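Remarks on the structure that follows.
Every number here is computed from the coordinates shown, using simple stated rules; none is lab data. Remember, it's a predicted structure, so these values are computed and weren't measured experimentally. Neighbour counts are summed over all protein chains in view; Cβ atoms, including those assigned to glycine, are modelled from backbone coordinates with ideal geometry.
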Amino acid sequence: MSLKLRALLKSPWVFHLATGSCNNCDIEVLDCLTPRFDIERFGMLLAPSIKHADILLVTGSCNRKSAIRLERLYKQAPQPCLVVAIGECSMSRGMFIHSYNCPLPLDKIVPVSAYIPGCPPKPEAIIAGAVTLIQTIKGTL
Amino acid sequence: MYIVYLIVYGFILTAVLGLVASWVDRKVTARVQYRKGPPFFQPWYDIIKLLGKETIIPKQSSKAMFVMAPLLGFSAVVMVSTLLWANNNNLFNSFLGDIIVIVYLLAIPSIAIMMGGFASGNPLARIGASREMKLLLGYELPFILAILVPIIKSGFSLKLADILSFQAQNGAFALQASGILALVVLVLCVQAKLGLVPFDIPEAETEIIAGPLVEYSGAGLAVFRLMKHMLLFTLPFFLIILFLGGMKFEGITILYSVLKYVAILVVITVIRNTNPRLRIDQAMRFFWGPVTGIAVIAVVLAVIGW
Ligand code: SF4
């Protein structure tokens with residue numbers, strides 16, 4: 001594995017985007033940053049700006065307004081940038097699947113690398129998802 | 001000879017020590033908050049990762065400035081650490097007025113951050129850059145006043161070598177009343193120069209995202225981060241030379257030198273972990289009020305001879 005990729009897997013900075021979630025998923029994401037779960041162990045930091053980020057954490061059901069913003073944000077991210085869908089809403093629109101306001105699921109808008117199910121997923125599940133993603137990338141190369 | 005100092009001491013050694021120092025800073029922060037903290041090579045991974053990422057130059061930015069700013073700040077830090085190491089290792093490398101050169105060069109990293117912020121064309125970056133400018137105006141006055149103390153004490157000499165040899169004969173300045181006051185002032189100014197927590201107003205992540213660095217990605221951000229890590233070593237080193245008699249590396253004195261540096265680093269980290277962020281007006285009032293007052297008292301005491 002190249003040094004570049006190894007460094008990337010050792011320090012994935014995450015950027016958190018809420019696209020119309022009920023806020024529970026966002027709170028679980030914030031939980032991961034608290035001392036109890038401490039994702040800085042894996043070198044993850046919460047990136048303040050998308051320009052600094054390596055992983056885009058998306059929560060919520062991608063409504064009509066935020067889908068445009070999501071796409072724009074994804075284009076602004078410096079490559080390589082992975083997208084992780086957190087929660088039922090961002091995977092399949094969850095309970096909003098019949099809503100007039102949620103035309104597309106997340107992975108029809110941007111390519112998604114990992115799905116973390118749950119409504120909301122536990123912080124342990126989010127960490128397990130992130131670690132699995134890192135190991136998958138390691139395994140495939 | 002000077003090339004060796006520039007590359008080996010000024011760049012490689014300072015960068016390595018700075019990266020280690022930033023790991024210590026993050027680890028201590030984590031332990032204060034009862035966390036486990038990042039692994040030892042974390043700062044290295046961060047820098048390597050950022051160097052390998054795509055660099056995006058925004059459309060509305062003035063491109064030459066945007067690219068140049070990180071390099072400018074970085075080269076200033078390399079120059080400062082070269083001068084400090086050269087003086088610390090061999091007193092004959094000193095020249096008249098090198099303190100003035102260092103004070104000027106130490107302002108350049110902040111100016112580089114400002115340049116980068118204004119050049120990037122992002123409104124948040126502009127707010128951050130203007131805050132950085134106000135902060136610079138705030139701390140530069142007590143910073144220079146406090147640096148006057150060792151100059152006065154060593155018989156009005158503007159050479160670092162004289163300050164070092166005076167301390168070698170008469171004991172460190174930090175053991176005298178004026179020295180202690182000046183050191184306290186300088187530690188606070190260093191905190192602001194490093195942009196650490198009570199004074200991280202320009203970067204205030206919760207209000208203006210990352211301030212001047214908001215548009216930087218990839219290599220530019222890596223250079224800015226490396227610059228900050230190197231400053232984390234260089235500025236305490238400057239204080240050690242001015243007040244604690246420099247660092248010596250023979251036999252048991254290595255331990256003593258490391259202890260001096262770690263003591264200052266821990267003070268900085270503890271201040272950073274036990275304080276909330278100030279507003280820019282509070283920071284200005286703080287630096288121009290009490291801190292400048294203490295610095296003036298220290299200068300007066302130094303003139304009297306305490
Ligand atoms: S998945 Fe559940 S908890 Fe998360 S945003 Fe949707 S409804 Fe809320």
Inset, instruction - With a length cut of 20 Å (Cα positions projected on each helix's long axis) and a Kyte-Doolittle mean of at least -0.5, go through chain A and give me the DSSP H helices that pass. - result: A:123-140
Legend entry - chain B: angle of helix B:98-119 to the longest principal axis, Cα-based, in degrees nearest 10: 10
Legend entry - Exercise: per-residue mean of other protein chain Cβ atoms within 10 Å, A:33-39: 3
Inset, instruction - Before rounding to the nearest 500, sum -39500 (n - 2.57) across all DSSP H runs of length at least 4 in the protein assembly as shown and divide by the residue total; then give [θ] at 222 nm in deg cm²/dmol. - result: -19500 deg cm²/dmol
Legend entry - Burial order of peptide ranges B:271-279, A:5-13, A:34-42 (average beta-carbon count within 10 Å, highest first): A:5-13, A:34-42, B:271-279
Legend entry - Peptide A:76-83, shielding by other chains (average Cβ, 10 Å cutoff): 3
Legend entry - Acute angle (nearest 10 degrees) that the helix B:160-170 long axis makes with the longest principal axis of chain B, alpha-carbon atoms: 40
Inset, instruction - Classify region A:1-85 as rounded, prolate or oblate from the Cα gyration tensor: take a ≥ b ≥ c as the square roots of its eigenvalues, call it rounded if a/c is under 1.5, otherwise prolate when a/b beats b/c and oblate if not. - result: oblate
Inset, instruction - Provide a whole-number value for the mean count of partner chain Cβ atoms within 10 Å of the Cβ atoms in peptide B:45-58. - result: 6
Legend entry - Anchor B:Lys53: lysines whose Cα lies under 22 Å away (excluding residues fewer than 8 positions away in-chain): A:Lys4, A:Lys10, A:Lys51, A:Lys75, A:Lys138, B:Lys63, B:Lys228
Inset, instruction - Give me the angle, in degrees from 0 to 90, between the Cα long axis of helix B:292-304 and the longest principal axis of the Cα atoms of chain B, rounded to the nearest 10. - result: 20
Legend entry - For region B:41-65 and region B:241-306, distance of Cα centres in Å: 32
Inset, instruction - Could you sort A:100-111, B:288-299 so that the peptide with the highest average Cβ count within 10 Å comes first and the rest follow in order? - result: B:288-299, A:100-111
Legend entry - Largest to smallest principal axis extent of the C-alpha atoms in region B:2-303, angstrom: 57, 43, 42
